[in-house]
Amino acid sequence: MSQTGEKRHRFELMMKQAELPQQLTDEHFGDGYIDKVIVSRSNREWTFCICKTSLVPLAAFGVFCRTIQSKFAHLADVSFCFTYEEGVKTDELLIEYWPAFVEWVQKHNASVNGWLGKARLEVENGLATLALLDDMGLELARKKKIDEMAVQFFEDQFGRNCRVKLSVGVKN
């Protein structure tokens, strides 16, 4: 079996052990494989580095991550890093997974709950422009370094470089 074939087999085995719905694995994970697993024995953390050729919709991504984390919780805290091939454009990735970033920030910093979720996102050529509702929201976003957090999130979670610009949205 080739190295990629072996990595694909391990991926299928992990999904089967996690009891992911067959339809989900067939529709969204048929082109994926586990590139590597980073294991930290000292604090029981596993990071699965998954490679894919096609973008996984956010809803399917969420089900996948939560199901596997739940299934292996007794063994370790599980996280993921998805690496998409170049066919998946950074703009597509930013648009699809921006809500995941917002959810992540809200878990780690409750003070962003209201205003960050209401901000408007525009993406073009790897630049995400976050239009906040008002100057106060812009100041809070700068103070909390939301732009830097977003850049780091997409680098850590998806291995993609992007730029984030904060602005005030056009008032209606």
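Just so it is clear, none of the values below were taken in a lab; they were calculated from the coordinates. Owing to the predicted nature of the structure, the values given are computational and were not obtained by experimental measurement. Cβ: placed from backbone, ideal geometry, glycine included. Neighbour counts: every protein chain shown.
On full extension, the segment bounded by D91 and D77 gains 2.1 nm, given 0.36 nm per residue less the C-alpha separation. Rg and Dmax of region 75-172, both derived from C-alpha coordinates alone, stand at 13.8, 52 Å. Per-residue ellipticity at 222 nm from helix content only, as computed over the chain with -39500 (n - 2.57) for each DSSP H run of at least four residues, stands at -15000 deg cm²/dmol.
Spin-label pair E122-H108: with each label point 7 Å from Cα along the Cα-Cβ axis, the two points sit 2.7 nm from one another.
Within region 1-74, all pairs of alpha-carbon atoms sorted by distance into 10 Å bins from zero give the percentages 18, 54, 25, 3. I'd like the orientation of helix 3-17 relative to the chain: the angle between its Cα long axis and the longest Cα principal axis, in ° from 0 to 90, rounded to 10. So the inclination is approximately 80 degrees.
Kirkwood radius for the chain, taken over all pairs of different Cα atoms as the inverse mean of 1/r, rounds to 17.4 Å. Ranking L93, F64, V123 by how far each Cα lies toward the positive end of the dipole of region 33-139 (charges on Cβ) leaves F64 at the top. Just to confirm the number: angle between the C-alpha axis of helix 90-108 and the first principal axis of the chain, 0 to 90 degrees, nearest 10? The answer is roughly 80 degrees. Relative to the longest principal axis of the Cα atoms of the chain, the long axis of helix 58-72 lies at roughly 50 degrees.
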